[in-house]
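Engineer: Before I ask anything, here is the structure I am working with.
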Amino acid sequence: MRYQFTIDGELSERALAAFPELTGDHTHGTTVLSGPVTDPTGIRGVLARIDNLGLTVIEMRRLPD
């Protein structure tokens with residue numbers, strides 16, 4: 001399964017390095033992280049890293065395979 005996480009703000013390269021399994025793109029003051037997340041535990045892991053970095057999730061959605 002592929003997921004997309006839209007984060008408020010433009011993440012630095014250092015912050016993007018916390019998500020090696022995802023690709024990051026900057027768009028209009030947000031960062032979109034997308035890529036494969038295999039199970040609910042993986043989703044919780046990504047969300048925990050986002051939270052640990054003090055980031056705000058604007059949107060999360062599953063992408064078509």
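Engineer: So D39 fits all but one of (1) within 14 Å of L11 (Cα to Cα); (2) open to solvent by less than 80 Å² (accessible area, probe 1.4 Å); what number is the exception?
Structural biologist: Condition (1) is where D39 drops out.
Engineer: Related question: From the list T38, T56, pick out the single residue that is touching an Asp or Glu at 6+ places or on another chain (Cβ under 6 Å) and either of a type outside the set (K, R) or at pLDDT below 95 (or both).
Structural biologist: T56
Engineer: Just to verify a result, which residue in the range 1-35, among those that are more than 20 Å from G54 (Cβ to Cβ) and among the β-branched types (V, I, T), is surrounded by the fewest Cβ atoms within 10 Å (Cβ to Cβ)?
Structural biologist: Checked the range 1-35; the qualifying residue surrounded by the fewest Cβ atoms within 10 Å (Cβ to Cβ) is T27.
Engineer: Continuing with the same structure: Inspect all residues belonging to the range 23-34 and state whether any of them is assigned to a helix (DSSP H, G or I) and either over 10 Å from the mean Cα position of the chain (by Cα) or of a type in the set (V, I, T) (or both).
Structural biologist: no
Engineer: Checking the conditions here, which among R44, R49 is open to solvent by 30 Å² or more (accessible area, probe 1.4 Å), free of Cβ contacts under 8 Å to residues at least 24 places away in the same chain and not in a strand (DSSP E or B)?
Structural biologist: R44
Engineer: Considering each residue of the range 1-22, count those that are of a type outside the set (D, E, K, R) and part of a strand (DSSP E or B), and give that number.
Structural biologist: 5
Engineer: Being touching a residue at least 24 places away in the same chain (Cβ under 8 Å) and surrounded by fewer than 16 Cβ atoms within 10 Å (Cβ to Cβ): is that true of D65 here?
Structural biologist: yes
The values are calculated or read from the model by the stated rules, or taken from the named source; none is laboratory data. All values reported here derive from a predicted model rather than from experimental measurement. Every residue, glycine among them, receives a Cβ derived from its backbone with ideal geometry; neighbour counts consider all protein chains shown. Remember, those area values only see protein heavy atoms, side chains included, never the ligands or the DNA or RNA. Shrake-Rupley method; radii C 1.70, N 1.55, O 1.52, S 1.80 Å.
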